[in-house]
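Scroll down for the structure; my scribbles are underneath it.
The values are calculated or read from the model by the stated rules, or taken from the named source; none is laboratory data. Computed from a predicted structure; not experimentally measured. Note: ideal-geometry Cβ built from the backbone for every residue, glycine included; neighbour counts use all protein chains shown. For the accessible areas, the whole protein counts, side chains as well, though only heavy atoms, and no ligand, DNA or RNA atoms are used. Shrake-Rupley method; radii C 1.70, N 1.55, O 1.52, S 1.80 Å.
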Amino acid sequence: MEFSHIPVLLRETIEGLNIKENGIYIDGTAGGGGHSGEILKHLTTGKLISIDRDPDAISTLIQKFKHNENVFVIKGNFGNMKDLLELRGVRRVDGVLLDIGVSSHQLDTASRGFSFHEDAPLDMRMSQSGVTAEEMVNTLPYEELRRIIAEYGEERYASSIARGIIAAREQAPVTTTLQLAEIVKNNVPQKVRRDGHPARKTFQAIRIAVNDELNVLRCGLDDAFRLLGKGGRLAVITFHSLEDRIVKQKMAGWCQGCTCPKDFPVCVCGNKPKARLITKKPVCANETELADNPRARSAKLRICEKI
């Protein structure tokens with residue numbers, strides 16, 4: 001199956017990267033190659049490194065760009081991009097793009113187990129390797145389940161949902177997406193069931209835990225900034241508040257200058273800004289894009305430049 005994914009905030013991202021035709025760029029979450037393909041249009045002698053951890057994405061990227069000598073496709077995790085590039089002799093780049101979160105292909109391919117709308121094995125692994133959501137749901141103790149659902153899903157009813165999972169798995173293993181969705185539904189108040197799908201936050205939380213998404217994001221941001229040369233830009237698209245908060249705080253830290261107390265007459269810390277914000281506020285999708293791609297509704301783009 002082709003790895004399809006509609007690139008979000010495409011024009012704003014490409015413009016924000018300020019692409020040089022002879023530069024070196026990284027698409028750390030290349031997916032179906034939407035953003036990668038647009039970056040390539042702006043390169044002449046430059047190079048693009050497209051990274052993804054999903055084997056389906058890698059197959060699509062290799063096929064899509066097989067006739068383009070300006071692109072290198074790497075199967076790997078963007079959280080380790082510095083090591084991935086150094087192994088190939090690349091130590092400085094002119095721009096990095098990260099489009100964080102689950103792809104349309106992953107959501108729409110029922111067998112991948114990301115969606116609560118269709119019945120499928122409870123998987124949720126972006127890399128298709130490692131611990132599955134099924135293993136996590138059936139083995140984690142109550143307190144850890146509760147923490148994951150509360151912290152990563154920002155779910156108000158995490159305690160009752162975790163208790164419901166524990167009670168259900170004592171009767172029989174929880175093995176499918178619809179089983180888990182039904183457990184969540186039965187352990188939240190009636191009013192919650194009328195406000196969108198009650199399993200959305202729990203599925204998000206478990207997916208984040210399965211793929212270690214927030215730690216990967218933190219490491220990926222640090223690696224990206226280390227790789228950027230002077231004037232290089234980092235563009236990050238996020239889809240929920242946890243991700244956006246991490247990106248916002250990282251960029252604010254890089255842009256911060258003196259950290260001395262305000263009553264100090266002179267600076268003694270010597271701290272100087274390492275970056276400047278290109279986007280003072282996050283860029284969001286306009287109404288035209290939302291009409292074509294409703295999944296862009298929660299997308300936020302932030303861009304900074306290394307100085």
In nm, to one decimal, how far is the modelled label at H67 from the one at N186, with both set 7 Å along Cα→Cβ?
5.5 nm
Cα-based Kirkwood hydrodynamic radius, the range 5-120, one decimal, Å
14.7 Å
Of the range 207-231, those with amide N under 17 Å from the point 7 Å along the Cα→Cβ vector of L107 are 207-208
Taking the Cα atoms only, what angle lies between the long axis of helix 158-171 and the longest principal axis of the chain, rounded to 10 degrees?
50 degrees
Need one number for the range 232-286: average projected area of the convex hull over its C-alpha atoms, nm².
5.2 nm²
Additional length obtainable on full extension of the chain from L277 to R91, 0.36 nm per residue less Cα span
64.7 nm
Divide by every residue of the chain the summed helix terms, -39500 (n - 2.57) for each DSSP H run of at least 4, and state the resulting mean residue ellipticity at 222 nm, rounded to the nearest 500 deg cm²/dmol.
-12500 deg cm²/dmol
With all pairs of different alpha carbon atoms counted, what Kirkwood hydrodynamic radius in Å does the range 190-239 show?
13.6 Å
Square roots of 5 times each gyration tensor eigenvalue, C-alpha, the range 140-258, largest first, Å:
36, 14, 12
Using the Cα atoms of the range 86-155, I'd like the radius of gyration and the largest Cα-Cα distance, Dmax, both in angstrom.
16.5, 46
Quickly work out the D212-to-V268 label distance, labels modelled 7 Å from Cα along the C-beta direction, and quote it in nm with one decimal.
4.0 nm
Using protein chains only and a probe of 1.4 angstrom, how many square angstrom of E154 are accessible, to the nearest 10?
80 Å²
Which order do peptides 192-198, 38-44 fall in by mean Cβ count within 10 Å, highest first?
38-44, 192-198
Working from Cα positions, state the angle (0 to 90°, nearest 10) between the long axis of helix 241-255 and the longest principal axis of the chain.
20 degrees
Run the paramagnetic zone check for I307: 7 angstrom along Cα to Cβ, then residues of the range 76-118 with backbone nitrogen under 13 Å.
none
Determine Rg/Rh for the range 211-307; Rg is computed over alpha-carbon atoms and Rh is the Kirkwood hydrodynamic estimate from the same atoms.
1.07
Exposure of S298 as accessible area (Å², to 10), given a probe of 1.4 Å and all protein chains
60 Å²
Degrees, to the nearest 10: 142-153 long Cα axis against longest axis of the chain:
50 degrees
Simple spin-label estimate for R11 and S129 in nanometres, 7 Å along Cα-Cβ:
4.0 nm
Can you give the charge dipole size of the range 163-307 about its Cα centre, rounded to the nearest 20 debye, using +1 on the beta carbon of Lys and Arg and -1 on the beta carbon of Asp and Glu?
380 debye
Full-extension gain in nm, T259 to E21, via 0.36 nm per residue minus C-alpha separation
81.9 nm
What Kirkwood hydrodynamic radius, in Å, does the chain give when the mean of 1/r is taken over all pairs of distinct Cα atoms and then inverted?
20.7 Å
Cα extents of the range 261-307 along the three principal axes, largest first, in whole Å?
54, 22, 12
Violating pairs (Cα-Cα greater than 29 angstrom) within the set K185/K248; K66/K230; K64/K230; K41/K272; K20/K281:
K185/K248; K66/K230; K64/K230; K41/K272
